[in-house]
Structures are given as C-alpha cells and as structure tokens.
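What follows is a set of notes on a single structure, which appears directly below.
No lab work stands behind these numbers, since they all come straight from the coordinates. This one's a predicted model, so the numbers in the text were calculated from it and none came from an experiment. Note that each Cβ is placed from the backbone with ideal geometry, even for glycine, and that neighbours are counted across all protein chains shown.
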Amino acid sequence: MFNLILFGPPGSGKGTQSERLIAKYGLKHLSTGDLLRNEIAGQTPLGMAVKNLMAEGKLVPDEIVIEMIDAAIENNTRVNGFLFDGFPRTTAQAEALDKLLAQKGTEIAIVLALQVSQEELIKRLLNRGRTSDRSDDVNEEVIAARISEYEKKTAAVAEHYKKFGKVEYIKGEGNVDDIFDLLCKEIDEKKVA
Ligand code: B4P
C-alpha cells in the first residue's frame, strides 16, 4: 500500500489537488472535511454534534474524527493506498492514524505539505464562499478562526512526521497544473526509492 497525507492550511489546495492525485494514482480519497459535511447533510446525530463547531471554524473533537477514519479504513480493505486530506489535524490524530495503519501492516509513505501565504489563503476561501455552499468560507472571521486553529493545533502534525523524515514541502501558489506536477514528482521519487 502507498499512503500519503496531503497537508496544509485551509485553502492551500488540498481538496483541489486530491481530486487529481487519486485519479492518477488510484488511491482511496479520505477527506475528513467531506465525511463531516456528508454527516451534516444527512442530519445524522454525528452531523448535528459537529455542525456548530465547523460553522465557527473550530476543529471537531479528535475522538469523533478518529472513529470516522477508523471505520473508513476498515470499509476499504482492497485499495492501493489512501490519500488522507485534512487529516490528521492534531498530533493526537497523527498518533492514532499511525497506530491504525500499523495494525494493517502499513504506514504513511510521505507527507506533502502545501505552503501558501495567509493573504492568498483568505483570498481563495472568500472567493470559494461566493460560488459554493460552504458556509465556513463566507465570513472572514470564521476563516481567520480556521487559520488560527491550524497554527495552534495542526502545524505540529508536520513536526510529528518530520521526526521520521517523511515531510516534503511544496510551494502551493501559482498554476494548479504546475503544483500538481511538483506533487507527482515527489510521489514518483518516493515510489521508486
Ligand atoms: P476541510 O474540508 O478539510 O477544508 P479546508 O482545509 O478548509 O480547505 P480545502 O482543503 O477543502 O480547500 P482547498 O485548499 O482545496 O475542513 C473544513 C472543516 O472541517 C474544518 O475547519 C474543521 O472544522 C473540520 N474538520 C475537517 N477535518 C477535521 C479533522 N481531521 N479534525 C478536526 N476537524 C476537522 O481549496 C480552497 C480554494 O482554493 C478552492 O476554491 C480552490 O479552487 C482554490 N484553489 C486551490 N488551488 C488553487 C491555486 N493553485 N490557485 C488558486 N486557487 C486555488
């Protein structure tokens, strides 16, 4: 199995690049943001429990996300590998993921970290807010809260995987195709190694 984490702040292009990467490498896409939004759309108890937190730009509790990812991994036994998008977002989530994968006899091969300036992140998210139904993209205060959650809790995830030499930084600004090529180059180098 080849498992990768696409990492970066909100609006850095994780969702955008994930779509392309799963098509090229045949990986199973696991986006915790998408899974949570599906729960909200389905008005499930889990969805109702996280709705307000997400609307405020706060992270949802680790236990909820870890349980959701555990179930998703269990439900996808015959895959080439997973592309984790928006997960892990805390060190506790990273440690839980490492354990879950170890139980399956596999591990994270690479963490691709997209780097984008804060000014560009805000511009992109507000722009998406104008054209999508993502309520967390409409309000600049909520966007600032998401970026602050990233800095306080999520940036540490890169430090966790750096200890194992697994992090590669990619400039996430510019043309979407060019960024995709840079990501593929890192993956291909890792796959050959
Ligand atoms: P997510 O769904 O993960 O959303 P996101 O990080 O805010 O952004 P996304 O990755 O989708 O956007 P992208 O950069 O692709 O999280 C939403 C919320 O869910 C969180 O705030 C949290 O509450 C909760 N949550 C999710 N996972 C969690 C977890 N593990 N633990 C706790 N809580 C969790 O794209 C943004 C925009 O940029 C798009 O419009 C795109 O078109 C544009 N774009 C992309 N690349 C571009 C480029 N190169 N140039 C110009 N524009 C570009």
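Structure notes:
- Counting 0.36 nm for each residue step from LYS152 to VAL138 and taking away their Cα separation leaves a gain of 2.8 nm.
- Rounded to the nearest whole Hz, the Karplus-based 3J(HN,Hα) values (6.51 cos²θ - 1.76 cosθ + 1.60, θ = phi - 60°) of segment 42-48 follow the sequence x, 6, 6, x, 4, x, 5, with x at glycine and proline.
- Listed residue (LEU46, ILE5, ALA155) projecting farthest to the positive dipole end of the chain, Cβ model: ILE5
- Per-residue HN-Hα couplings for segment 100-115 [Karplus 6.51, -1.76, 1.60; θ = phi - 60°; Hz; x = Gly/Pro]: 4, 5, 4, 4, 8, x, 9, 7, 6, 8, 7, 10, 9, 9, 7, 10
- Point-to-point label distance, VAL192-ASN75, nm (Cα→Cβ direction, 7 Å offset): 3.7
- Only Lys, Arg (+1) and Asp, Glu (-1) charged, at Cβ; the chain dipole about Cα centre in debye: 280
- Placed amide H near GLY8: partners under 5 Å, 5+ positions off or other chain: LEU114
- The 3J(HN,Hα) values that the Karplus relation (6.51, -1.76, 1.60; θ = phi - 60°) gives for segment 129-139 are, in residue order, x, 6, 10, 10, 9, 7, 5, 6, 9, 8, 9 Hz. Gly and Pro appear as x.
- Listed peptides 184-190, 9-15, 123-129, 39-45 appear in the order 9-15, 123-129, 184-190, 39-45 once ranked by packing, highest mean of other Cβ atoms within 10 Å at the front.
- Residue-span extension gain [THR91 to ASP177] - 0.36 nm each, minus C-alpha spacing: 27.9 nm
- Here segment 83-111 and segment 121-167 have alpha carbon centers that stand 19 Å from each other.
- Percentage relative contact order, segment 86-193, counting C-alpha pairs under 8 Å, at least six apart: 37
- Estimated purely from DSSP H runs of n ≥ 4, each contributing -39500 (n - 2.57), the mean residue ellipticity at 222 nm for the chain is -17500 deg cm²/dmol once divided by its residues.
- Amide H to amide H, with H built 1.01 Å from N, PHE82 comes under 5 Å of PHE2, ASN3, LEU4, LYS28, counting only residues 5 or more places away or on other chains.
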